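Novice: Quick one: this structure, given as structure tokens, is what I'll be asking you about.
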Amino acid sequence: MAMIKCPECGSVVSDKARNCPSCGNPIDTKVYCPKCGSSNVSVISGFSKATSVLMFGVLAANNVKSTYKCNSCGLKF
Ligand SMILES: [Zn+2]
Ligand SMILES: [Zn+2]
């Protein structure tokens, strides 16, 4: 479980929390890369997951578990 900073008040909040416990700001709208901290993250669609399974089979198993891709460092998580 990662900790992120509330963009409103700067409190450190669990990334699993839906709202900041300090100011109530909704914080589940943005996803941050656990490696580089960038918020420039794309959701990997079910379609592209299915495509990578089709193309790479078992080797893509790690990718299938991932839901997001960081556009800054390329990490899938
Ligand atoms: Zn806050
Ligand atoms: Zn990253």
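The values are calculated or read from the model by the stated rules, or taken from the named source; none is laboratory data. Nothing here was measured: the structure is a model prediction, and the numbers come from that model. Because the Cβ atoms are built from the backbone with ideal geometry, glycine has one as well, and the counts that use them run over all protein chains shown.
Novice: Could you list, in sequence order, all residues of segment 1-22 that are over 18 Å from residue 37 (Cα atoms) and surrounded by 14 or more Cβ atoms within 10 Å (Cβ to Cβ)?
Specialist: Hit for segment 1-22 is 20, nothing else.
Novice: What strands (runs of 3 or more DSSP E) completely inside segment 9-77 contain at least 3 residues that are at pLDDT 85 or above and within 16 Å of ligand 1 (Cβ to nearest atom)? Walk me through how you get there before you give the answer.
Specialist: Working: elements: 12-14, 41-43, 68-70.
Passing ranges, in order: 12-14.
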